[in-house]
Amino acid sequence: MDRRRFVTISAASLSGALLAACNANPEKASKLLALAEHGNESIERGLFRHTAMDSVPSAAALAGKDFPKYFISDRVPVWDPAVRGVWRLEVSGAVRTPLSLTLEQLAALPRVAQKVDHFCVEGWNARAEWTGVRVSELARLAGATADAHYVDFAGFDNDYHESWDMESAMHPQTLVAYGMDGRMLGPGHGAPARVHSPIKLGYKNTKYLTRMVFMPSRNGGYWSDQGYEWYGGT
Amino acid sequence: MADLVRRNHWVVRVTHWVNVVAIIVMAGSGMRIFNAHPAFARPGERFPLNPWEGHAIPKWLTFGAWLGGARHWHFAMMWILVLNGLAYLVFLFLHGEWRDVVPRKGDARDAIEMLRFYLFLRRDHPIQGKHNALQKSAYFAMPVLGVIIVLSGLAIWKPVTLGFITVLFVNYKWARVVHFVAMVLLIVLALIHVFMVFAVDPYALRSIITGWYNRANSPEARNARPFYHLVAPRRSSAESETDA
Ligand code: HEM
Ligand code: HEM
């Protein structure tokens with residue numbers, strides 16, 4: 001009898017707590033959700049392997065001109081050298097030798113071409129062939145130090161940026177891409193160069209890239225600061 | 001004649017109700033995630049298998065308010081769903097109660113007999129164990145669907161890191177389709193289940209809350225079809241109360 005009672009009461013209070021978390025107390029609920037996000041991030045980072053790669057069958061169709069374009073500015077951000085000077089990618093922060101690379105210098109570095117998925121947080125995925133330089137190659141050239149636990153990728157699409165954990169940035173499929181489907185990157189897709197990796201959701205892949213800053217701690221990001229998962233890994 | 005038995009162990013009762021909450025939150029937040037892009041086709045492709053491609057699910061059926069919020073709920077509640085589901089399955093296995101839900105030879109025939117009974121093609125309620133054969137197949141299909149949902153969910157949550165799970169469903173796109181279709185099937189089964197509880201055996205509600213069940217009121221004893229002989233003959237229920 002006592003146990004029956006105990007069980008009924010605990011079952012009721014458990015479901016009650018769950019329901020309370022949904023309606024009555026949004027603040028408590030969001031604390032619980034933040035806790036779960038934190039736990040999930042630890043698990044995701046624990047599972048993460050550089051050997052786990054995205055693969056797209058070589059015969060698979062590419063999205064081509066249907067590959068969605070997006071940016072946060074009112075109009076397509078275009079780098080105008082007459083106004084802003086020559087475009088350069090600055091690599092700085094926790095590095096021994098900061099870099100400042102023109103597009104030609106970037107294109108002269110070891111080149112990777114990969115046909116991979118792009119996973120959007122909305123649920124769709126699209127395929128394209130990206131050409132560029134591995135972020136790990138840039139980290140090696142700049143001599144990222146032991147303090148470099150995170151990388152912030154910032155661009156000239158207003159103040160768009162997203163910071164990443166170092167392991168994901170060093171994944172062999174994480175590129176600074178300047179080519180798409182065998183052509184130079186178009187203005188709708190982040191020209192002159194952008195981050196592209198199948199291992200993070202689309203919003204983590206900063207377009208219109210200008211700065212890569214290695215950092216001892218993370219500094220959020222455009223969508224992460226609005227409540228989307230900071231980790232955003234696939 | 002009173003015939004009170006302990007029907008559902010506390011583990012079954014607790015996991016049942018936690019599961020109900022978890023499934024509602026998972027389905028609601030999942031549908032909110034779906035609405036961010038309510039289509040299965042990749043950009044530039046078509047997906048004729050879904051006649052409602054591009055049409056969002058009504059907002060009042062969804063949970064989590066916005067895409068990011070729904071994702072937080074989905075990825076938090078999934079742990080409760082999985083741990084609770086495992087507790088239920090481990091209990092069924094250790095306690096031998098899997099026999100009440102795993103189909104065995106003769107269940108197909110018994111299910112046809114149940115259908116015939118419900119369709120008035122047969123006069124007497126078929127003899128059954130804890131559950132009738134139709135119930136049994138539904139209670140077996142639910143955890144099977146649950147396993148498919150969890151696996152396809154992992155496949156679309158981590159399509160690169162857990163890519164070896166994603167390939168079980170061909171690729172990310174098809175894993176999404178499987179995840180969604182399995183959700184729809186599970187919800188349909190659950191709705192039929194709730195309908196049948198109220199239309200055939202409301203006395204079972206007691207058994208899934210306190211654990212006790214009066215066999216004298218069972219559908220078999222009442223010869224009950226949906227909405228038929230719903231109320232047990234007065235004498236037996238009065239007696240059962242005094243005996244308890
Ligand atoms: C371990 C368990 C689960 C995991 C890891 C999981 C994971 C996911 C993920 C990652 C998505 C997003 C896919 C996208 O962006 O389109 C999703 C969507 C969804 N989930 Fe789950 N899920 C789980 C359980 C469930 C359950 C139990 C239900 C419902 C009963 C459910 C229903 C849905 C629905 C309807 C969608 C939207 C489908 C879509 O847009 O692709 N999920 N789930
Ligand atoms: C997502 C929704 C639900 C699922 C997946 C589900 C699943 C199940 C399963 C698998 C069982 C069998 C347990 C066993 O014998 O081991 C069961 C029993 C039962 N469920 Fe549900 N259920 C759901 C919702 C509900 C709701 C909303 C109600 C009531 C309003 C309900 C009432 C019952 C009752 C009364 C039983 C006991 C039946 C008996 O012992 O013969 N269920 N449910």
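Where in the stretch A:181-206 does the amide nitrogen come within less than 14 Å of the point 7 Å from the Cα of A:Ser58, taken along Cα to Cβ? Answer for this model: none. Across q = 0.07, 0.08 Å⁻¹, the protein assembly as shown modelled as identical point scatterers on its alpha-carbon atoms has Debye log10 I(q)/I(0) values of -0.49, -0.60, in the order of the q list. For a straight C-alpha distance cut-off of 23 angstrom, the lysines reachable from B:Lys136 (same-chain residues fewer than eight places away being disregarded) are B:Lys105. Across all Cα pairs in chain A, the calculated P(r) in 5 Å bins from zero up to the longest distance comes to 1, 6, 12, 17, 17, 14, 10, 6, 4, 4, 3, 2, 2, 1, 0, 0, 0 percent per bin. Between 0 and 90 degrees, the angle of helix B:234-243 with respect to the longest Cα principal axis of chain B falls at about 90 degrees.
At the residue level, B:Arg116 shows approximately 90 square angstrom of accessible surface with a 1.4 angstrom probe and all protein chains present. The alpha carbon convex hull volume per residue for the stretch B:126-244 rounds to 117 Å³.
Note on chain B: helix-only mean residue ellipticity at 222 nm, from DSSP H runs of 4+ residues weighted -39500 (n - 2.57) and normalised by residue number, equals -19500 deg cm²/dmol.
Largest first and in whole Å, the equivalent-ellipsoid semi-axes of the stretch B:1-107 read 37, 18, 13, each the square root of five times a Cα gyration tensor eigenvalue. Taken about its Cα centre, the stretch B:4-243 carries a charge dipole of roughly 180 debye when the Cβ of each Lys and Arg holds +1 and the Cβ of each Asp and Glu holds -1.
Taking N as the number of residues in the stretch B:4-243, what is its Cα Rg relative to 2.2 N^0.38 Å?
Its radius of gyration relative to the 2.2 N^0.38 Å reference: 1.17.
Relative to the Cα centre, the charge distribution of chain A, modelled as +1 at Lys and Arg Cβ and -1 at Asp and Glu Cβ, gives a dipole magnitude of about 300 debye.
May I ask for the angle, rounded to the nearest 10°, between helix B:67-94 and the longest principal axis of chain B, with both axes built from Cα atoms and the value confined to 0 to 90°? Tilt relative to chain B: about 40 degrees.
A simple count of charges around A:Ser217, restricted to other residues whose Cβ falls under 13 Å of its Cβ and scoring Lys, Arg +1 and Asp, Glu -1, yields -2. Full extension of the chain segment joining A:Asp66 with A:Gln105 gains 11.0 nm, where the gain is 0.36 nm per residue of separation less the Cα-Cα distance.
Here the stretch A:184-213 is scanned for amide nitrogen atoms under 19 Å from the site 7 Å beyond the Cα of A:Val76 along Cα-to-Cβ, giving A:184-195, A:206-210.
For the stretch A:64-226, the antiparallel share of DSSP beta bridges with both residues in that region comes to about 90%.
Dipole of chain A computed with +1 at Lys/Arg Cβ and -1 at Asp/Glu Cβ about the Cα centre; of A:Gly46, A:Tyr70, A:Val195, farthest Cα towards the positive end is A:Gly46.
Only the Cβ atoms of Lys and Arg (+1) and of Asp and Glu (-1) were treated as charged; on that basis the dipole of the stretch A:26-135 about its Cα centre amounts to roughly 260 debye. Straight-line reach from A:Lys207: which lysines have Cα under 16 Å away, leaving out those fewer than 8 places along the same chain? Leaving aside lysines fewer than 8 places away in the same chain, those within reach of A:Lys207 are A:Lys69.
May I ask which of A:Lys31/A:Lys200; A:Lys65/A:Lys115; A:Lys28/A:Lys200; A:Lys115/A:Lys200; A:Lys28/A:Lys204 have a Cα-Cα span longer than 19 Å here? Numbers along the way, then the final one.
Working: A:Lys31/A:Lys200 25 Å; A:Lys65/A:Lys115 15 Å; A:Lys28/A:Lys200 29 Å; A:Lys115/A:Lys200 15 Å; A:Lys28/A:Lys204 28 Å.
Flagged as over cut-off: A:Lys31/A:Lys200; A:Lys28/A:Lys200; A:Lys28/A:Lys204.
The values are calculated or read from the model by the stated rules, or taken from the named source; none is laboratory data. Because the structure is predicted, anything quoted here is derived from the model rather than measured. With ideal geometry, Cβ positions are generated from the backbone for all residues, glycine too; neighbour counts draw on all protein chains shown. Quick note on the areas: whole protein, heavy atoms, side chains included, nothing else; ligands and nucleic acids left out. Shrake-Rupley method; radii C 1.70, N 1.55, O 1.52, S 1.80 Å.
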